[in-house]
Amino acid sequence: MRQLPEPYASHLPPLLAAALAEDLPDLTGTAVFGPDEATTAVLLVKAPGVLAGVPAFAAAFEFLDARCRVEVHRDDGDPVAPGQQAVTVRGPARALLAAERTALNFVTRLSGVATLTRRFVDAVAGTRCTVLDTRKTTPGWRALEKHAVRCGGGSNHRMGLFDAAMLKDTHLAAAGSITAAAAKVRERWGGAVPLVVECADLAMVEEALACKVEHVMLDNMDLAAVRAAVALVAGRAKVEVSGGVSLATVRALAETGADFVSVGALTHSAPALDLSLKVRP
């Protein structure tokens, strides 16, 4: 198998092995084709979008049979249109058809994430706002899905709980207040760890600012409240808008002057991009 780029090299092999194990052995392919019968197939684009997961698509065939040869015509981050051929695969027919579904599952899922991300990024073009993802990812797929977000022009929020201290409503309910919870974070980590506080109203924003936090997240606030919060913060902290953000609302939210808008749907609700594998005799 070819040398994989990151994040595929670190995260794909066990996912690929597990995915192929769910399918094999292939009773149909081993009956219809001899071990040395070869064929050619192409990855055909059937809907407009942005590609992601091309290295995973290619690796599925090479993982199954080292004799497979892959020619990439369009790679991660490339915009594609219906009718285009993104990848050509040549090799044993048994391997190509046995790996087909696994390969497509990776590339259609990740391309769907990249495509939806690009739609959000395009929607806020011309503002100062950056589109972020969240931790609402498929277990085990986080690095790949967040890579797909970057392919679509978005940026990554936290990769995990280890990136920053983030006080959410559950932390605040247990600790009693923003002030109490923030003090404990500062006591434990000092200034070495960024501190983000989730705020549901302007009073919480005021309390977070009094604690000198670096980043406030406005959770499920309406447009008027977001405007008021951005004015209240006045550059003293980064402002992120989160919760229920859609393509219909993201532009107006970005135009409030917020620094970031985070969209869980990028990874938890992106529809797969329509791609298929077509055999060429």
Within region 246-281, residues in contact (Cβ under 8 Å) with a residue 24 or more places away in the chain, outside any helix (DSSP H, G or I) and of a type in the set (A, V, I, L, M) come out as Leu247, Ala258, Val261, Val263, Ala270, Ala272, Leu273, Leu275, Leu277, Val279
Of the residues in region 97-106, those that are farther than 16 Å from His268 by Cα and not basic (Lys, Arg) come to Leu97, Ala98, Ala99, Glu100, Thr102, Ala103, Leu104
Out of (1) of a type outside the set (Gly, Ala, Ser); (2) over 15 Å from Met166 (Cβ atoms); (3) assigned by TED's automatic domain parsing to the domain that holds Met159; (4) crowded, with 21+ Cβ neighbours inside 10 Å, the one Leu275 does not meet is (3)
In region 164-199, anything assigned to a loop (DSSP other than H, G, I, E, B) and without any contact (Cβ under 8 Å) to a residue 24 or more places away in the chain is listed as Gly176, Gly190, Gly191, Ala192
Of those in region 131-149 that are outside any loop (DSSP other than H, G, I, E, B) and in contact with a Gly (Cβ under 8 Å, 6 or more places away or on another chain), the residue surrounded by the fewest Cβ atoms within 10 Å (Cβ to Cβ) is Arg142
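Every residue, every condition in (1) within 23 Å of the chain's Cα centre (by Cα); (2) of a type in the set (D, E, K, R); (3) modelled with pLDDT of 95 or more, yes or no:
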| site | (1), (2), (3) |
| --- | --- |
| Ala58 | yes, no, yes |
| Asp78 | yes, yes, yes |
| Gln85 | no, no, yes |
| Leu97 | no, no, yes |
| Thr117 | yes, no, yes |
If we keep only residues of region 112-127 that are of a type in the set (A, V, I, L, M, F, W, C) and outside any loop (DSSP other than H, G, I, E, B), then the residue surrounded by the most Cβ atoms within 10 Å (Cβ to Cβ) is Val113
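The values are calculated or read from the model by the stated rules, or taken from the named source; none is laboratory data. What you see is a predicted model; the values in this text were computed from it and never measured. Note: ideal-geometry Cβ built from the backbone for every residue, glycine included; neighbour counts use all protein chains shown.
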